[in-house]
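Working notes, beginning with the structure itself.
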Amino acid sequence: MRRFSLAGLSASRHTVPVLILVALAALYWRDVLFTSQVLLPGAMLRGFAPFGGDAQAPWNLLQWDALGQYFPWRTFAARELQSGHIPLWNPYQFSGAPFIANGQSAVFYPLNIVFWIFDVARAFGLSAFLHTLLASIGTYALLQNWKLTRAASLLGAVAFGFCGYLASWVMLPTLANTASWLPLALLCLERSLPEKGINPRPLVALIAVLACAMLAGHAQIFVYILMALVLRMLFLPGKGRAVLALFTAFVGCGVLAALQILPTLELARNGHRAGGGPTMEGWNFLVPRALQIGDLPSLLIPGWPHLSFSENFGYIGFGTFLLAASSVLFLFLNSKLKTQNSKLASSHFLFAITLTFFGLLYATATPLAQAFYFTVPGLSQMGGVGRALILWSLGGALMAALGLSALQHRLSSVRVLPLIALALVTAELFGNGMIAYQTAPREVVYPATEVTTFLKERSKPDARVLFITPRGGWLPTEVLQGNGRNHPPGVLPPNGAMIYGIHDVGGYDSLASRSYREFLAQGEGGDVSPPLNGNMILLENPVSASLDALQVRYVVSQSSLEDPSLKVVLRVDDCVVYERTVAEVPRREGSEFSPGWREGKYQPESFRLGAFLSLLALGVAVGVLVGARRRN
């Protein structure tokens, strides 16, 4: 093995760059790794009762999901797994609902083991650290496979691993976690295609990487990973072999991750988004919410006033941009050379620049994005097109690495050049990261209160709770533009009841049952979701017959409710807890709105079949690896 000496220390070729990336990741996440702070926007909880009800509490709609969805879900899953149960069913949300079937629960995602063995709140920081390493080391390995210098590969790794896109989305771990597998997927595809034939070991690795990306929980980003792989395939020799390898990897990934995919597809068919397809109305809704021409400075300027940490945040910094721009000169110079190496280097550049502009054109809702919106099944039901900036971010990092490598060859006498470039890129991205994510003391994240303790002792499936959060408080004009109040009002955020083991009739889930929603709407006289977020179910009518059918015994409100069927049993922490007189009506349970129940138990066939297929695929993968090793 080739060795070199750095600062008097002997190390293998890649040890020092990898150790630098580990040290940078530890420095970047130091607050949540080495102090009592956790990677959660705990201060936002102050805006809800019973945690204070402070209308001036900080608020960021994008980052709120860390507390509104992921912390409750990870907490529930950890408790169930630590008790020896697979959390197929969640009794605390929507009067009972499937849990694992929502892919964002990510129960089977391997790197989520940190949530199952450590304190859940602290695990958010550990997970961010691990995925920063995954993204950066994967990028370094990809660029080394391109035969770039170690310094250039290290710079590209930093440019992607700490880019603004991942920094802004880290509070939504399924998205950032899925995105972190992209460089490694590209590397495995390249390594699976030698000069002749298909290398089975890298191909199995690609299947495993894609399965991990799928299990990480964000389908839209997984689709973008597939788009990047298809683009890479276009610039690889042996197109027929590349198509075969990629098709095999996609099918293998689907079988390996079947224990998650099949239950999710079953739940999606019954979810409130089911049945919708691409429409011009839907496309016209996305266009004004895409990255606009006037927003392009946000790609280079951190804290650009209108786009800080929003759906369309793709900051890469001036250093990365300048180096990426210099790589254009690299392509021109190589085009003058008639060698195999120059042709190979040019193909790397062409892929990088194509990936960069593909992501940018997609994020700005050009006809390119429109074509995918209307042709790729399911894509119209996913989030905003600005999320495609993951491709822009990686493409920019790859181009920057190519640019630095070319400059090193041209200016070999300027030995400090790589150090200056790396310092500039690191400083810019670290400066952005320091303000991109929020931390809070562990004790402020869903603390026990008198209200939650009171309800936890009394809540049961036949004594459920309604937390009244006004839908009008979530109007876009109020929440997004700050007219009236920035922070929406409410009592215990949707899904918050899961933290305390309280049986709630509401909740927050992108795959909530359509039939359950329709049943509740009968008692509300209309839609049960706020205009801002159709994934929430917020109920306001405390005397609805639907609540009687679901056996809601308690109602919690910030305001006084006047009705003979409501009796005040607790008044504390800006909350009033009422006990309801439940009318005698036919009883309903959340299980009636979800398939998979047999003989009083939740045993979905989709999970059984998926688990069988996943185990079968795992066995086949191990067999292929063993066979390939014996042949070698």
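The values are calculated or read from the model by the stated rules, or taken from the named source; none is laboratory data. Computed from a predicted structure; not experimentally measured. Methodologically, a virtual Cβ is constructed for each residue, glycine included, from the backbone with ideal geometry; neighbour enumeration extends over all protein chains shown.
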- Item | Residue under evaluation L226, criteria (1) hydrophobic (A, V, I, L, M, F, W, C); (2) under 25 Å from L299 (Cβ atoms); (3) touching a Cys at 6+ places or on another chain (Cβ under 7 Å); (4) surrounded by fewer than 23 Cβ atoms within 10 Å (Cβ to Cβ), criterion not met | (3)
- Query: Restricting attention to the range 193-200, does a residue exist that is at pLDDT below 95, outside any loop (DSSP other than H, G, I, E, B) and either surrounded by fewer than 21 Cβ atoms within 10 Å (Cβ to Cβ) or of a type outside the set (G, A, S) (or both)?
  - Reply: yes
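Would you mind finding the one in F99, F71 that is in contact with a Ser or Thr (Cβ under 7 Å, 6 or more places away or on another chain) and either within 26 Å of W169 (Cα to Cα) or without any contact (Cβ under 8 Å) to a residue 12 or more places away in the chain (or both)?
On the way: F71 fails: in contact with a Ser or Thr (Cβ under 7 Å, 6 or more places away or on another chain).
Criteria check complete, one pass: F99.
I need the full set of residues from the range 114-160 which are aromatic (F, W, Y), within 19 Å of A77 (Cα to Cα) and touching a residue at least 12 places away in the same chain (Cβ under 8 Å), in order please. Spell out the reasoning first.
Taking the range 114-160 as the starting set, the residues that turn out to be aromatic (F, W, Y) are 115-116, 118, 124, 129, 140, 146, 160.
Now restrict to residues that are within 19 Å of A77 (Cα to Cα): 115-116, 118, 124.
Answer for the range 114-160, where residues must be aromatic (F, W, Y), within 19 Å of A77 (Cα to Cα) and touching a residue at least 12 places away in the same chain (Cβ under 8 Å): F115, W116, F124.
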- Message: So if I check each of N535, N541, which one is more than 21 Å from E457 (Cα to Cα), crowded, with 19+ Cβ neighbours inside 10 Å and not aliphatic (A, V, I, L, M)?
- Response: N535
- Query: In the range 414-426, which residue that is buried (at least 16 other Cβ atoms within 10 Å of the Cβ) and either of a type outside the set (S, T, N, Q) or touching a strand residue (DSSP E or B) at 6+ places or on another chain (Cβ under 9 Å) (or both) is farthest from I502 (Cα to Cα)?
  - Reply: L417
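Look through L411, L394, L429, L402 and report the one residue that is more than 25 Å from L27 (Cβ to Cβ), of a type in the set (A, V, I, L, M, F, W, C) and surrounded by 24 or more Cβ atoms within 10 Å (Cβ to Cβ). It would help to see each step written out before you state the result.
Working: L411 fails: surrounded by 24 or more Cβ atoms within 10 Å (Cβ to Cβ); L394 fails: more than 25 Å from L27 (Cβ to Cβ); L429 fails: more than 25 Å from L27 (Cβ to Cβ).
The match here is L402.
Can you name every residue in the range 148-167 that is part of a loop (DSSP other than H, G, I, E, B) and surrounded by fewer than 24 Cβ atoms within 10 Å (Cβ to Cβ)? Step through it out loud before you land on a result.
Going residue by residue through the range 148-167, those that are part of a loop (DSSP other than H, G, I, E, B) are 148-149, 162-163.
Hit for the range 148-167 is T149, nothing else.
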- Please enumerate the residues belonging to the range 251-295 that are in contact (Cβ under 8 Å) with a residue 40 or more places away in the chain and aromatic (F, W, Y). W283
- Query: Is there a residue in the range 171-188 that is at pLDDT below 95, under 30 Å from V385 (Cα atoms), among the β-branched types (V, I, T) and assigned by TED's automatic domain parsing to the domain that holds F108?
  - Reply: no
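Of all residues in the range 387-436 being of a type in the set (D, E, K, R), in a helix (DSSP H, G or I) and more than 22 Å from T178 (Cα to Cα), which is modelled with the lowest pLDDT?
Narrowing the range 387-436 to residues of a type in the set (D, E, K, R): 387, 410, 415, 428.
Filter once more, keeping what is in a helix (DSSP H, G or I): 387, 410, 428.
Right, trim to more than 22 Å from T178 (Cα to Cα) and you get 410, 428.
Details: R410: 81, E428: 95.
Here the answer is R410.
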- Message: Kindly evaluate A106 against the criterion of being in contact with a helix residue (DSSP H, G or I) (Cβ under 6 Å, 6 or more places away or on another chain) and at pLDDT 95 or above.
- Response: yes
- Query: What are the residue pairs meeting all of these: first residue in the range 369-386, first residue β-branched (V, I, T), second residue in a helix (DSSP H, G or I), Cβ atoms under 7 Å, and 6 or more apart or on different chains?
  - Reply: V376/V223; V385/L286; V385/Y362; V385/A363; V385/A369
- Inside the range 493-582, counting only strands (runs of 3 or more DSSP E) that do not spill past its ends, which hold 2 or more residues that are without any contact (Cβ under 8 Å) to a residue 40 or more places away in the chain? 566-572, 575-580
- Among (1) more than 30 Å from R74 (Cα to Cα); (2) in the same structural domain as V491 (by TED's automatic domain parsing) - the single one T452 does not satisfy: (1)
- Message: Criterion first (in contact (Cβ under 8 Å) with a residue 60 or more places away in the chain and within 30 Å of A365 (Cβ to Cβ)) does V223 satisfy it?
- Response: yes
